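To keep things clear, I will list the structure first and then write my remarks on it.
The values are calculated or read from the model by the stated rules, or taken from the named source; none is laboratory data. All of these numbers come straight from a predicted model, not from anything done at the bench. Note that we place each Cβ from the backbone using ideal geometry, even for glycine, and neighbour counts take in every protein chain shown.
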Amino acid sequence: MIFKVLTLFPEVILSATNYSILKRAQQKGLIKIEAINIRDFTIDKHKRTDDYPYGGGFGMVMTAQPIIDAYESIKPAKPHRVIYLTPQGKTYTQRYAEQLSKEKEIVIICGHYEGIDQRVIDMIVTDEISIGDYVLTGGEYAALVVIDSVSRLVKDVIEEKSAQEESFSTGLLEYPQYTRPLEFRGRKVPEILLCGDHKKIRKWRRYQSLLKTIKNRPDLLKDFELTDEDREFLIKYCETQKIVL
Ligand code: ADE
């Protein structure tokens, strides 16, 4: 998987991806991350990459010329996706990450200020993506979220098993995890995790996933097919906790 990131701050992308799993994945050649400095392509004599918005209004808009020239310089493989990160985009999800992980190459455009000239979007962008309903200072932080979440789905970047059980892959949030020591500041690891009965542990984890989901993300349960056993457990739990569903 190749990521080609068009940005005014290549160092943000390159430094943040030079650690841990992403660093190893690059060393093994499983992913490649290139950062292209948009400013290198401006023909403005003052090296500017932004200008005032037509029609007036607050802030500056990134001009089309250096972005389009930067894009044309990288000669991306065909077909490829061109992502523009913006709070006006479609909401990014694990499903979206899974879809993107099937691509060979992804071009990512990071915006700044009040965004980029609409003609760039009309000319080359295939996906406008938002990573959530809040506004960041720049697209680089959102690009890193996309790069990280897609990379870990690329074959051999992480162990396949750990991707299977995690939050969102199953439709439920992940169960709580514990490691040594057995007791920390008076808090013990739940007894059931020590019993060695894997069927019982699986069931406990399933119930814990259900509880975490109902507490933190009840909206996820709308699209989730509960088993009869799940339903029975949740009804009993809600009765004892006096929760009205
Ligand atoms: N740029 C600024 N805010 C953003 C967001 N929420 N998602 C993606 N890109 C952004």
Members of the range 105-114 that are surrounded by fewer than 20 Cβ atoms within 10 Å (Cβ to Cβ) and modelled with pLDDT of 95 or more: Glu105
Among (1) in contact with a helix residue (DSSP H, G or I) (Cβ under 9 Å, 6 or more places away or on another chain); (2) part of a helix (DSSP H, G or I); (3) within 17 Å of Gly171 (Cα to Cα), the one test that Leu226 misses: (2)
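Considering only the range 173-189, how many residues are more than 27 Å from Leu226 (Cα to Cα) and of a type in the set (Asp, Glu)?
So the answer is 1.
Given the criterion within 16 Å of the ligand (Cβ to nearest atom) and modelled with pLDDT of 95 or more, identify the matching residue among Asp69, Asp50.
Going through Asp69, Asp50 in turn, the sole match is Asp50.
Residues are listed down the side, and each one gets a yes or a no for (1) buried (at least 18 other Cβ atoms within 10 Å of the Cβ); (2) over 16 Å from the mean Cα position of the chain (by Cα); (3) not hydrophobic (A, V, I, L, M, F, W, C):
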| position | (1), (2), (3) |
| --- | --- |
| Arg152 | yes, no, yes |
| Glu159 | no, yes, yes |
| Ser169 | no, no, yes |
| Ile192 | no, yes, no |
| Ile201 | no, yes, no |
| Leu220 | no, yes, no |
Enumeration of residues in the range 13-53 that are under 21 Å from Asp69 (Cα atoms) and in contact with an Asp or Glu (Cβ under 7 Å, 6 or more places away or on another chain): Ile13, Phe41, Pro53
Residue that is surrounded by the most Cβ atoms within 10 Å (Cβ to Cβ) [pool: residues in the range 121-132 that are near the ligand (Cβ under 7 Å from one of its atoms) and of a type outside the set (Val, Ile, Thr)]: Ser130
Pairs where the first residue, in the range 176-203, is in a strand (DSSP E or B) and the second is not basic (Lys, Arg), C-beta under 9 Å, 6+ apart: Glu183/Val189; Lys188/Leu182
Which numbered condition Met60 fails, given (1) within 11 Å of the ligand (Cβ to nearest atom); (2) surrounded by fewer than 20 Cβ atoms within 10 Å (Cβ to Cβ): (1)
Test result for Gly138, within 16 Å of the ligand (Cβ to nearest atom) and surrounded by 16 or more Cβ atoms within 10 Å (Cβ to Cβ): yes
Ile192 being at pLDDT below 95 and not assigned by TED's automatic domain parsing to the domain that holds Ile68: no
